[in-house]
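The values are calculated or read from the model by the stated rules, or taken from the named source; none is laboratory data. Being a predicted model, the structure only gives us computed values, none of them experimental. All Cβ positions, glycine included, derive from the backbone under ideal geometry; neighbour counts span all protein chains shown.
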Amino acid sequence: MEEKVMGAFTAIVLAVVIIMSCLLIYVPNMHIIALKIQDNKLAGGRTSVMEMLRASEEELEGDDEQTRESVLKGHQIRLTLPQNVTSKAVSIDNSQVDRTIKITINGIGKDYFTNYPMRGNGDNIVDITYDSSDLVGVIELALDDVKEVKMTSEGEYIYLDFLEPHDVYDYVVVVDAGHGGNVPGASKLGVDEKDLDLQIVLELKKLFDASNKNIGVYYTRTDDSNPSFEARVGLANDSDADLFLSVHNNSTASGRMSNISGTEVMYKGGDSTGESKKFAEMCLNHLLEELGSKSKGTVVGDEVYIIRTSKSPVALAEIGFMTNANELEKLQDKEYQQSTAKALYDAVLEYLNL
Ligand SMILES: [Zn+2]
């Protein structure tokens, strides 16, 4: 009996929800009412915040151009700050490889969105989560593309723009340190390849960070993480990178220690423009000059997923052989790593004519 009553109740609630939904299409202001009804749900979580943005998006579509313009001023997202919170309390962390933008705001609690709804359009936003603890609120936006984010503030409002990397930088370069996490790559005499690859990339990062050139450099990793191959090459493809450089170290096919040594750079044979090969040759020449290592030449590396699927001119540099005791010793040396980074940096500049 109780189940029947519950069934009827559910049917009525459903009918009301359907009627309300139909009304919402025609009466934009109803969205605000709808948001109020959901107030208790807007405290946080994934679905409620995303729903709020969708409601706002529909509402904005219903507005005339001028109203829409005055709300968003041509920006993508508008957040409202409580009275006691200024834009100084807002920090943004954009991780391009994960396609997530983390907005941290000091001074907002769990019920933030209840009082200060987000307005804007979710064109590139696929998911939003919100959480707050000790009055530090973190809004995390998941995007479907690689974007730069620009924040501006005016009064109580914070505006966020999602920009194409090339709208911000003259050139975009993606740098990939091989392997990572529980995938060490080659492992010789207690040395993991993933660590050597990362150490070289971090030296390269120092050079780009200190550079006065307007190059946007995205790193697939700057710690011991292991992004998927899709995420690595996707970072280059979706940012329309001018170059994609991957840093690895070699070992013999058998994996046994031997006297084979030298530097080799792979390129995409399937690249009919020849740009991949051209970049690989520049990398090789600078590495040989800087390191004095033996040349193993440039080789087609289309069997490697990130090379085959890269739309950007790609080079995968195998700096040295970890299976050669002498070269393994050098590869661990900080100065040798810095020289490697310098060579790769110079190769990038040469390719970009900078
Ligand atoms: Zn490797």
Query raised in the report: If we scan region 211-219, do we find a residue that is within 16 Å of the ligand (Cβ to nearest atom), free of Cβ contacts under 8 Å to residues at least 24 places away in the same chain and farther than 19 Å from residue 97 by Cα?
Result: no
Query raised in the report: Any chance region 192-210 includes a residue that's in a helix (DSSP H, G or I), in contact with a helix residue (DSSP H, G or I) (Cβ under 6 Å, 6 or more places away or on another chain) and of a type in the set (Val, Ile, Thr)?
Result: yes
Report summary line: In the set 175, 168, 149, the lone residue that is surrounded by 20 or more Cβ atoms within 10 Å (Cβ to Cβ) and closer than 26 Å to residue 233 by Cβ is 175
Query raised in the report: Picking from 293, 272, which residue would you name as being closer than 23 Å to residue 193 by Cα, polar (S, T, N, Q) and not in a helix (DSSP H, G or I)?
Result: 293
Report summary line: Checked 103, 139 against criteria (part of a strand (DSSP E or B), under 17 Å from residue 57 (Cβ atoms) and β-branched (Val, Ile, Thr)); the one match is 139
Requested in this report: Look through region 84-97, keep the residues that are loosely packed, with under 15 Cβ neighbours inside 10 Å and not β-branched (Val, Ile, Thr), and return whichever of them is farthest from residue 161 (Cα to Cα).
Outcome: 84
Query raised in the report: Among the residues of region 164-187, how many are within 12 Å of the ligand (Cβ to nearest atom) and assigned to a strand (DSSP E or B)?
Result: 5
Requested in this report: Working only within region 233-253, note down all residues that are within 16 Å of the ligand (Cβ to nearest atom) and either within 27 Å of residue 162 (Cα to Cα) or of a type outside the set (A, V, I, L, M) (or both).
Outcome: 233, 244, 245, 246, 248, 249, 250, 251, 252
Query - Count - residues of region 54-97 that are at pLDDT below 90 and out of contact with any Phe, Trp or Tyr (no Cβ under 6 Å at 6 or more places or on another chain) - result: 21
Requested in this report: Under 8 Å between Cβ atoms, at least 6 apart or on separate chains: pull out the pairs that start in region 167-183 with a residue that is in the same structural domain as residue 341 (by TED's automatic domain parsing) and farther than 13 Å from residue 199 by Cα and end on any residue that is within 16 Å of the ligand (Cβ to nearest atom) and part of a loop (DSSP other than H, G, I, E, B).
Outcome: 174/220; 181/224; 181/225; 181/226; 182/226; 183/226
Query raised in the report: Which residue out of 161, 145, 131, 127 is part of a loop (DSSP other than H, G, I, E, B), acidic (Asp, Glu) and away from the ligand (no atom under 16 Å from the Cβ)?
Result: 145
